[in-house]
Structure formats: structure tokens, C-alpha cells
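The structure appears below as C-alpha cells.
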Amino acid sequence: MRDVKVGLIGFGTIGTGVVKILQQNKNIISDKLGTSIILKKIADLDINRPRSVKVDSSLLTADANEIISDPEIDIVIELIGGINPAKDFIIEALKKGKHVVTANKALLAEEGMEIFECAESVKRNIGFEASTGGVIPVVRAIKEGFASDEIRSVYGIINGTANYILTKMTNEGIDFAQALKEAQEKGFAEADPTLDISGGDSAHKIAILSMLAFGTKIEFNSIYTEGIERIASEDIKYAYELGYKVKLLAIAKNVNGEIDVRVHPTMITFENPLSNVSNEYNAVYIEGKNAGRNILFGKGAGELPTAVAVVSDVIDIARDVISGESGRMTPLSFKLNRIANKPLRAIDDVRSRFYFRFSVVDRPGVLSKISGILGKNDISILSVIQKGEKDGEKVSVVIMTHEALEKSVRKSLQEIDSLDVVVDKTISIRVEE
């Protein structure tokens, strides 16, 4: 039985992890596969930078085309990230008859259909398990484990940086800035954490999961995305007093044929299993019509956990290489000619319960003004908490609502925030039961 040869494009953190896994676990991989996976070439713009793994210098090149054009390489692993040149590398590799493994969530979320169509047309496989949740095998679960069922919803805590920050704020009572600084010091957040804390990273991942779960094209720019930057420690505290934790959730639901996809801070009850997902860990909740509720849990980032997912895809594809088969499974859960253009539900049409924190002047009649505006827009109040600050001039008024239409909430808050008694912009957090 012949060896399977791979080429790696991108020798950064995850690429280094992939090399480590291939070296450290080569006997385990060989025992499971029945043959060896040989790393033939590694391409990176900086081949001289020291890494925490040793490789023969003859394997290194600064030219990715050496990998793409090598007729002996069966599988190309793309780990450079971004849209271009990653997209060009992947499509060219597929056209040259190579299978591809990638962790590139941004590329697949924004331009994935072109790549999936290319892979299907040339009957080559593309593995992307590591793109959506680190080591969590959610892609494989949706494509294979739930293949016979109708998926109704997918919820995820799928960004470790945001979850780490919110966990620190919850457990230690510290503010957002301090929690972010600690996350950066421990390596859980990048020097520029914008994509993580703004919800953009989670939006990329839920776009991919939505395509898999519902068999529809997802226009990435149409996903409503809201980050955690404005969540304050007092919001975390109030939420806890009310029986909730605040998490950055990526949500996808099939609602009467419309696909509701969004990312935003969300209050969930203590009883919800996702409320116990802490620090850099991720979890994905999948509900099937017949399978019911299921949760996958694990590390959503990191050099070695993510590398395990990458190499698992390599092993899976290597089985087809060995057997001489390819294109056995469609890149997505659905055959691409069955992919629909299901309408995305506009955020204005979404209904949910809400938490509001109003910062107002401590003066009689303020609450009645706020409640009057909410009532005028068909927003019913469930409970109210009012607490003053030390200077006695400003108070926080916290209101929990019954289910309300997003459009009505936006209209109400715009009017309330224009009142002369309102000091700061209102904080609103959606509640998912």
C-alpha cells in the first residue's frame, strides 16, 4: 500500500501544530490508516523564522507553487488564512487533481460556494473541520452523524477569546478592558482582537455551519453581528442576579423556511448547558427533528487542538486516496445542485425577550416615561430593578421584557435614548430560553 504525500502551505501557529501531530503520532496514524502520511514540502513566506518543531531544511520553500505543481503530492493543507492568495492556491490545487484541507473560516464563509463547486466539479475532496470550532468535530457531525435528520437549530459558543473574557468578567467581577488585557497576556487574544470581540469570527463560523445544516447559500454580509465591547461588569452582575449568564452566541434557526442567522451577546439561564462553557472552551448545540438536542464540547482554538482537526481531515481524505475513490461525499451536507437560496430572516423580524439597562438621572417620573414608550411600541415589561450610584445623581434602571419584536425595540430605544433624562446609550441584550 503506497504512502500518502501531503504539502503544507502556511507554517504559522497551526501549521507548526500540524507538523508536530504528524511527527509525534506517526505510528498511531499509520496503525489507523494502514500506511504512512509523508509531509513532502512546507511553504511559507518566512522559512527562516525559528519554530518550536524541527524539520529538514530541504522540506522548506517560499514558493507555494512547488507544492501545488508537485505531481506526487496528494493532499494540500492550506493554513495561511485570509481570502487571497489562499483562494487561488486552493482552486489551483483542486484543478491539478489534489485534495485540500483548510482551516480558513473567512474564505469559506465569504466565498466558499465557488470553492465547493470547484471541488465537486473535479471530484476532489475538501476538508474543513478545523474552520468552525477547533477540535470539536461539528462539521463531521452535521455531514454524517445527522445526515438522516432535519436540523432545526444550531447554537454555538464558537469564539474562545470572547468566551474567556466573559468568563473572567462573570467569575471575578472585572471590567471588559481588564479581562481583555488578561486574555492577551495569556495568549487567548490577539494583539488586535477586533475580529474576536466584534463577533466577526463567530459570524464566519456560523455561516459555514448554517450552509451545512440547512442546505442553503448564506450571504455573509447579511448576518447580523454584534460584539461584546459594550458589555459592562454591571450587566454581568445584573444578569447573574436574574438567573442568567451572558455569552456571545452564534445562532442559526430554520423558522418556517426562513433562516435566522445572527451573532450577539445573549443571556441564557443557569440551566442551559452552554452557560457552563467557560474560558477558552467552545460548544455547539445541535437540535434535530428526531435526534433532539445534542451538544459538542471542546477546545475551540489553540495550536494542537486545531491541528488535530486538520490532521483528522487529512486521514479521512487519505482513505479515499488509498482506495482510489474521490468525490464520494459532497463538500457540504447537501448535493450542491440541491443547495437552495432560502431567505434569511431580517433582524427586524426576529422576536425575543430583552434585557435593558438604562442610565438615567435620578428624578421622579423617569420610569413612567420609559415604560410609556415601551408600552406604546407593544413591549411588555416583565420585571424592573433600580439601583443608584454613589454620587446619587445617576441610577441604573434594569428592565426585563416579555417577547418583543426587534423592530419595535429599536424604535423604542431610539426614542428613549433621546430623552433628556437618559445619560448614556441604553445597553440591550437578547434573551434565549
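The values are calculated or read from the model by the stated rules, or taken from the named source; none is laboratory data. Values in this document were obtained by computation on a predicted structure and should not be read as measured data. Every residue, glycine as well, gets a Cβ built from its backbone with ideal geometry; the counts of neighbours run over all protein chains shown. All accessible areas refer to the heavy atoms of the entire protein, side chains included, with ligands and DNA or RNA removed. Shrake-Rupley method; radii C 1.70, N 1.55, O 1.52, S 1.80 Å.
Some observations on this one:
- Of the residues I429, I416, the single one that is assigned to a helix (DSSP H, G or I), at pLDDT 95 or above, surrounded by 13 or more Cβ atoms within 10 Å (Cβ to Cβ) and not basic (K, R) is I416.
- Hits in the range 402-427 (condition: over 28 Å from the mean Cα position of the chain (by Cα) and within 16 Å of S380 (Cβ to Cβ)): H402, S408, K411, S412, L413, I416
- Among the residues of the range 210-263, those that are more than 24 Å from P331 (Cα to Cα), touching an Asp or Glu at 6+ places or on another chain (Cβ under 8 Å) and open to solvent by less than 10 Å² (accessible area, probe 1.4 Å) comprise V246, L249, V263.
- No other residue among R338, R357 is among the charged types (D, E, K, R) and more than 28 Å from V139 (Cα to Cα) apart from R357.
- The residues of the range 358-379 that are open to solvent by less than 60 Å² (accessible area, probe 1.4 Å) and in contact with a strand residue (DSSP E or B) (Cβ under 9 Å, 6 or more places away or on another chain), listed by number, are F358, S359, V360, V361, V366, I370, S371, L374, G375, N377, I379.
- Where D31 falls short, out of the listed (1) open to solvent by less than 70 Å² (accessible area, probe 1.4 Å); (2) among the acidic types (D, E); (3) under 20 Å from V308 (Cα atoms): (1)
- Taking the range 255-293 as the range and being closer than 16 Å to E406 by Cα and polar (S, T, N, Q) as the test, only T266 passes.
- Within the range 220-257, the set of residues being part of a loop (DSSP other than H, G, I, E, B), out of contact with any strand residue (DSSP E or B) (no Cβ under 7 Å at 6 or more places or on another chain) and charged (D, E, K, R) comprises just one member, E229.
- Test for D63: is it more than 25 Å from G134 (Cα to Cα), surrounded by fewer than 16 Cβ atoms within 10 Å (Cβ to Cβ) and not β-branched (V, I, T): yes
- In the range 196-209 there is at least one residue matching the filter, namely being out of contact with any Lys or Arg (no Cβ under 6 Å at 6 or more places or on another chain), open to solvent by 20 Å² or more (accessible area, probe 1.4 Å) and in a helix (DSSP H, G or I).
- Of the candidates Y281, Y355, the single residue that is hydroxyl-bearing (S, T, Y), open to solvent by 50 Å² or more (accessible area, probe 1.4 Å), within 24 Å of K245 (Cα to Cα) and out of contact with any Cys (no Cβ under 7 Å at 6 or more places or on another chain) is Y281.
- The set of residues in the range 25-56 that are farther than 19 Å from I14 by Cβ, in contact (Cβ under 8 Å) with a residue 40 or more places away in the chain and either of a type in the set (K, R) or part of a loop (DSSP other than H, G, I, E, B) (or both) comprises K32, G34, T35.
- Selection from the range 1-15 of residues that are open to solvent by 10 Å² or more (accessible area, probe 1.4 Å) and closer than 22 Å to F89 by Cα: K5, G12, T13, I14
- Selection of the range 184-195 for residues being of a type outside the set (A, V, I, L, M, F, W, C), within 15 Å of the chain's Cα centre (by Cα) and in a helix (DSSP H, G or I) yields only T194.
- Residues in the range 344-401 that are among the polar types (S, T, N, Q) and under 33 Å from the mean Cα position of the chain (by Cα): S352, S359, S380, S383, S396, T401.
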